[in-house]
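Novice: Before anything else, here's the structure in question.
FYI, it's all coordinate maths here, none of it is from the lab. It should be emphasised that the depicted structure is a prediction, and the values quoted were computed from it without experimental measurement. Neighbour counts run over all protein chains shown; Cβ positions are idealised from the backbone, glycine included.
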Amino acid sequence: MSKPVVTSINPATGDVLQTFTPHGSANVDAAIERADDRFQTWRLSSFTERSRLMHKAADILDARKDAFARTMTMEMGKPLREAIAEVEKCALVCRHYADHAEAYLKDEPIQTEARRSYVRNLPIGPVLAVMPWNYPFWQVFRFAAPTLMAGNVGLLKHASNVWGSALNIEKVFREAGFPEGCFQTLLIGSKAVEGVIRDSRVKAVTLTGSGPAGRSVASIAGEELKPSLLELGGSDAFIVMPSADIAKAVETAVKSRNKNNGQSCIAAKRFFVHADIYGAFTREFVKQVEALRVGDPMLDTTDIGPLATKGIRDDLVSQVEATLKGGAQLISKPADVDDKGWWFAPQVLSEAPRGTPGSDEEMFGPAANIWRVESLPEAILKANHSAYGLGSAIFTQDEAEIEEAVRDLQAGSTFVNALVASDPRLPFGGVKQSGYGRELAADGIKAFVNRKTVSVS
């Protein structure tokens, strides 16, 4: 009997890139055992040593960013220049935690009647990361850097269409000099995840992915009484008010909706524009969307590459068709696209009614939905209709409107006159169906530690 294989497909062409043999149960068990063994010594390592190795990992990322980026682009289709920027951002997060982990995790004194009392942040053990394909490097490194700097060790279950990138990430840490077992990639499918979570040697799990996957992982972790962190989908609101710099708002809106071929959880997907500027904003927005260049993601001139898989492309087509059938209007002229590969031309829909995918669902690709609103309260009300609550943005110069948006938008972040983006210095995460917990900054490194209370009398 032949062993099962996983095939990597180039979404730009439909051609086979590579085949992989998944790890069997014995391989997985051995990896978990190595992780558990390594944790017993890694947890005692100094911040100085961890920092030295993490800086080395950052250096490797910078030195080999072109090669890593090419693999990403061939596996999931993002424009090569965006893939290179992604690797550079991974180096940044490595250096951030290399330089700040010790300060983030320092003892926290608390005044009590005791002679000395404080909180100490201690590592807990192997942490499993279940990661998606859309940012094959970034999603992993924003987990791995704080995890390793905290004294934990990492196990990666990556999406099966980016296993080449997953193995490249493991190579980065190995070549940087991290001891064996500090970071390992498990080539397993989704059905094998439950067994890893339930293994007593695995102490926590983090997932970035879909709502159904998040609910499944959270349920299993809950049964095992293990901490979990979920970063799920998003359908971010983007509000534009009359005092906004319209040129900047349009430029940001086009970039936010279409970056990463429109396949980003924190992309602006629903646009609410005040009636006073709706015409001016929409005309320019549509003009710039229609000007986006769709084509070979390896070319510097390309703005939009293919969607990652045929299934993702087909789902988006169905969502758009259902939204138009439900009463929305297509107000842009989509470009012609190649029949070979998983292509979808950027487009703009307006006034999608409640109950249609454009209003109620996450569209994971370059399809924007826009609505005219008469006031900020109306915009916020419609924005909050979504089941998701990851990011949000508002463009306005009015301080009262800024405060109202910050106070009332149901989202894990609100960016004012700026693109919603993750930053190693800022906590990142969502509310409602976008998940729970926070990654990055101090919150991220404290997500999986034992915050031990110490009282000395």
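Novice: Using Cα-Cα distances under 8 Å and only pairs 6 or more residues apart, what relative contact order does the chain have, in percent?
Specialist: Relative contact order here is 19 percent.
Novice: What is the Cα centroid distance between segment 409-443 and segment 136-162, reported in whole angstrom?
Specialist: Comparing the Cα centres of segment 409-443 and segment 136-162, I get a distance of 19 Å.
Novice: Under the rule of at least 5 residues apart or a separate chain, name every residue whose amide H is placed under 5 Å from the amide H of S117.
Specialist: I110, T112, V456
Novice: Please report the net charge: other residues with Cβ closer than 14 Å to the Cβ of R425, K and R +1, D and E -1.
Specialist: Net local charge, R425 excluded: 0.
Novice: Of K248/K269; K171/K452; K191/K452, which ones are farther than 25 Å apart at the Cα?
Specialist: K171/K452; K191/K452
Novice: For all pairs of alpha-carbon atoms in segment 236-423, what percent lies in each bin of width 10 Å, listed from the first bin to the last filled one?
Specialist: 10, 40, 37, 12, 1, 0
Novice: With a Förster radius of 41 Å, plug the Cβ-Cβ distance of K333 and A387 into 1/(1 + (r/R0)^6) and report the FRET value to the nearest 0.05.
Specialist: Efficiency, from the Cβ-Cβ distance: 0.85.
Novice: State whether segment 218-296 is rounded, prolate or oblate according to the following rule on the C-alpha gyration tensor (a ≥ b ≥ c being the square roots of its eigenvalues): a/c under 1.5 gives rounded; otherwise a/b larger than b/c gives prolate, and the remaining case gives oblate.
Specialist: Oblate is the answer for segment 218-296, as a/c is 1.5 or above yet b/c matches or exceeds a/b.
Novice: With a 10 Å Cβ neighbour count serving as the proxy for reagent exposure, in which order, fewest first, do M54, M298 appear?
Specialist: So the residues, fewest neighbours to most, are M298, M54.
Novice: Could you work out the helix-only [θ] at 222 nm for the chain, with each DSSP H run of four or more residues adding -39,500 (n - 2.57) and the total divided by the number of residues, to the nearest 500 deg cm²/dmol?
Specialist: -13000 deg cm²/dmol
Novice: Mind listing which GluC sites (Glu not before Pro) in segment 337-440 are in a DSSP loop and have 12 or fewer other Cβ atoms within 10 Å?
Specialist: E374
Novice: I'd like the trypsin sites (Lys or Arg not before Pro) in segment 395-457 restricted to DSSP loop residues with at most 12 other Cβ atoms within 10 Å, sorted by number.
Specialist: Passing sites in segment 395-457 are R425.
Novice: With +1 assigned to the C-beta of every Lys and Arg and -1 to the C-beta of every Asp and Glu, and no other charges, what is the dipole magnitude of the chain about the Cα centre in debye, to the nearest 20?
Specialist: Here the size comes out at about 1160 debye.
Novice: While we're here: Whole-Hz Karplus ³J(HN,Hα) for segment 79-86, in order, using 6.51 cos²θ - 1.76 cosθ + 1.60 and θ = phi - 60°, x for Gly and Pro?
Specialist: x, 4, 5, 5, 5, 4, 4, 5
Novice: In terms of the Cα gyration tensor, with a ≥ b ≥ c the square roots of its eigenvalues, is the chain rounded because a/c is under 1.5, prolate because a/b exceeds b/c, or oblate?
Specialist: Here the chain falls in the oblate category.
Novice: Further, regarding this structure: Which aspartates and glutamates have a Cα less than 12 Å from the Cα of K157, not counting those fewer than 8 places away in the same chain?
Specialist: Cα-Cα hits under 12 Å: E170, E194.
Novice: Return V205, V193, V431 ranked ascending by Cβ neighbour count within 10 Å, so the fewest neighbours appear first.
Specialist: V431, V193, V205
Novice: Let me ask another. Enumerate the amide H contacts of Q18 below 5 Å, restricted to partners 5 or more residues apart or on another chain; note that Pro and chain-start residues carry no placed amide H.
Specialist: When sequence neighbours closer than 5 places are left aside, the close amide H contacts are S8.
Novice: Can you flag which of K310/K382; K56/K432; K78/K287 are past 28 Å Cα-Cα?
Specialist: Beyond 28 Å between Cα atoms: K310/K382; K56/K432.
Novice: Then there's this: When a/c is below 1.5 the answer is rounded, else prolate if a/b is larger than b/c, else oblate, so apply that to segment 1-132 with a ≥ b ≥ c taken from the square roots of the Cα gyration tensor eigenvalues.
Specialist: Oblate, because a/c is 1.5 or more while a/b does not exceed b/c.
Novice: Out of the trypsin sites (Lys or Arg not before Pro) in segment 327-387, which ones are loop residues according to DSSP with at most 15 other C-beta atoms within 10 Å?
Specialist: For trypsin sites (Lys or Arg not before Pro) across segment 327-387 that sit outside H, G, I, E and B with at most 15 neighbouring Cβ atoms in 10 Å, the list reads K340, R354.
Novice: Take K106 and S46, extend 7 Å from each Cα along the Cα→Cβ direction, and tell me the distance between the two endpoints in nm.
Specialist: Once both label points are built, they end up 1.8 nm from each other.
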